[in-house]
Amino acid sequence: MFCGCSAQHFRQPANTHLCPTCLGLPGSLPVPNQRAIEMTVLMALAVKAKINRRFFFERKNYFYPDLPKGYQISQHISPIGEGGTVPVLLGGKYVAVALHDIHLEEDTAKLEHHGDEVWIDFNRSGVPLVEVVTQPVLHSAAAAKAYVKRIQQLVRWLRISDADMEKGSMRLEANISLATRPSDGEEIELPSYRVEVKNLNSFRFLEKAINYEIERQKKIWQNGKQPVQETRGFDAQQGVTFGQRRKEVAKDYRYFPDPDIPPLELTSSAIARLRKQLPRLPWEEEKMWQERYGLDWQLSQTLVANDKAREFWQMLVPWIKNRDQAQKIAKLIVNKPDRWQGKKPAKFWQEWQKGQNERLGGAKLAEIVSQVIVEETKAVADYRRGKISALGYLVGQVQRLARGKADPREAQQLLQQELTNNG
Ligand SMILES: [Zn+2]
């Protein structure tokens, strides 16, 4: 973020991506990374946050072995983005998750625990880190998970990062506290504490940690006490959180503007240029398919979220003539990847259309109908006794043998004929 070291340090030998600046050696000076600032602005524009045209970096002071300078260069008073919302699909409708801010900082070094020893790898130290902070508006682990998945999708969409959690290029932190359920129409009164679970490296762990915390805190409340404000870790093997340290409050960090970095200003033309770079966003594309083709939200979300499926779909779109075709194609792409993967779109489309037009009738259909009548003795007997609904079942069996290609009306007529004539 403030030096020229490469951020591609995944699986690199420890302490090979270093310079005096990211090691915090005396006399080194930070120089802000323009591209990182632009990407943060892009992210802020995508979620319609207010851009702080004039912003500065601050020192967040604390002692920890992963922080050689004794402070982290971050943003506190003037984050690059303030507010904004992220549209998330929850329970079949779009919910706008309100953001607090989007700020830019430098990452810290990585601690590795080896038995009694703690080793420090500084490769990650000084890598740009964008923190996206929500308002306290998420009320379940499922909602939190849907939200962070959306953030990952957006970050990849905008080519800001691969947001790969295995590589540590996306990390999750959940702040959890329990409040009394408000009566209808009343606002939730926020509790005076929060528990932060840090360094969650998968969506599943986030969900588990939140659910675990909800239960743990509920028990404390039920015993007439209030949970303490603290930072907790998550033990993935046990599926439990454990206390790490009492959580600092903002004033403990003694934030102050970094005197080595002058305040920065984004010009209107720079912002306008970035705004032009904004592609159509995932939720905009989902809505587009919903509106144009009547795809349901689940289908359009899955289609847009999967790069390969989305690409294939987009190549077919010019040939799609109506909603019916669109629904069938979208479902097939999402549910049966083996039917299209590795195929050329033009070839796939030809085959698919041929398959659609193919209708089984005449002698072939009559053959299947006879077979069904022979095999389905019970349904046949039921029908002949006057149980009309058995006919539907028999048509279904014909359709099954015809692999869905039978003309349903013809199949029904043939069945009725056969059943009445040869009864
Ligand atoms: Zn460096």
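The values are calculated or read from the model by the stated rules, or taken from the named source; none is laboratory data. What you are looking at is a predicted structure, and each value in this text was computed from that prediction instead of being measured. Glycine gets a Cβ as well: all are built from the backbone with ideal geometry, and neighbour counts include every protein chain shown.
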**Request:** Considering each of ILE51, ILE80 in turn, give the residue that is in contact (Cβ under 8 Å) with a residue 60 or more places away in the chain and away from the ligand (no atom under 16 Å from the Cβ).
**Result:** ILE51
**Prompt:** Which one is farthest from ARG124 (Cα to Cα) among residues in region 169-222 that are of a type in the set (Ser, Thr, Tyr) and exposed (fewer than 11 other Cβ atoms within 10 Å of the Cβ)?
**Reply:** SER183
**Request:** Assess whether THR21 counts as being within 27 Å of LEU266 (Cα to Cα), within 16 Å of the ligand (Cβ to nearest atom) and not in a loop (DSSP other than H, G, I, E, B).
**Result:** yes
**Among (1) part of a loop (DSSP other than H, G, I, E, B); (2) assigned by TED's automatic domain parsing to the domain that holds ASN175 - the single one ASP252 does not satisfy** = (1)
**Asked** Would you say LEU172 is out of contact with any Cys (no Cβ under 9 Å at 6 or more places or on another chain) and within 16 Å of the ligand (Cβ to nearest atom)?
**Response** no
**Message:** Just the residues that are more than 27 Å from the chain's Cα centre (by Cα) and of a type outside the set (Lys, Arg), please, taken from region 177-195.
**Reply:** THR180, PRO182, SER183, ASP184, GLY185, GLU186, GLU187, GLU189, PRO191, SER192, TYR193
**Message:** Could you check region 297-323 and list, in sequence order, the residues that are within 20 Å of the chain's Cα centre (by Cα) and loosely packed, with under 14 Cβ neighbours inside 10 Å?
**Reply:** GLN298, ASP307, LYS308, GLU311
**Request:** Find the residue count for region 104-153, including only residues that are out of contact with any Asp or Glu (no Cβ under 8 Å at 6 or more places or on another chain) and either within 16 Å of the ligand (Cβ to nearest atom) or hydroxyl-bearing (Ser, Thr, Tyr) (or both).
**Result:** 7
**Request:** Kindly establish whether LYS167 is outside any loop (DSSP other than H, G, I, E, B) and touching a residue at least 40 places away in the same chain (Cβ under 8 Å).
**Result:** no
**Of all residues in region 1-48 being among the hydroxyl-bearing types (Ser, Thr, Tyr) and free of Cβ contacts under 8 Å to residues at least 40 places away in the same chain, the one that is farthest from PRO259 (Cα to Cα)** = SER6
**Message:** Anything in region 397-423 that is loosely packed, with under 10 Cβ neighbours inside 10 Å and assigned to a helix (DSSP H, G or I)? List them, or say none.
**Reply:** ASN421
**Message:** Of everything in region 6-15, what is over 29 Å from the mean Cα position of the chain (by Cα) and either within 7 Å of the ligand (Cβ to nearest atom) or more than 17 Å from ASP66 (Cβ to Cβ) (or both)? Give them in sequence order.
**Reply:** PRO13
**Item:** Residues of region 33-48 classified as assigned to a loop (DSSP other than H, G, I, E, B) and either surrounded by fewer than 19 Cβ atoms within 10 Å (Cβ to Cβ) or away from the ligand (no atom under 16 Å from the Cβ) (or both), total
**Value:** 2
**Prompt:** Just to be sure, is ALA270 assigned by TED's automatic domain parsing to the domain that holds GLY24, of a type outside the set (Ser, Thr, Tyr), under 29 Å from ARG150 (Cα atoms) and part of a helix (DSSP H, G or I)?
**Reply:** yes
**Asked** Would a scan of region 101-111 turn up a residue that is among the charged types (D, E, K, R) and part of a loop (DSSP other than H, G, I, E, B)?
**Response** yes
**Request:** Give region 61-88 a look and list any residue that's in a strand (DSSP E or B) and in contact with an Asp or Glu (Cβ under 8 Å, 6 or more places away or on another chain), or say none.
**Result:** GLN72, ILE73, SER74, GLY81, GLU82
**Request:** Evaluate region 7-28: report whether one residue or more is closer than 27 Å to GLU166 by Cβ and of a type in the set (D, E, K, R).
**Result:** yes
**Request:** Check region 113-130 and report whether any residue there is under 20 Å from the mean Cα position of the chain (by Cα), in the same structural domain as PHE55 (by TED's automatic domain parsing) and not hydroxyl-bearing (Ser, Thr, Tyr).
**Result:** yes
**Request:** Output the number of residues of region 196-206 satisfying the condition of being over 17 Å from LYS218 (Cα atoms) and either part of a loop (DSSP other than H, G, I, E, B) or more than 17 Å from the chain's Cα centre (by Cα) (or both).
**Result:** 4
**Asked** Here are some residues: ARG156, ARG181, ARG216. Which one is assigned by TED's automatic domain parsing to the domain that holds VAL130 and modelled with pLDDT under 95?
**Response** ARG181
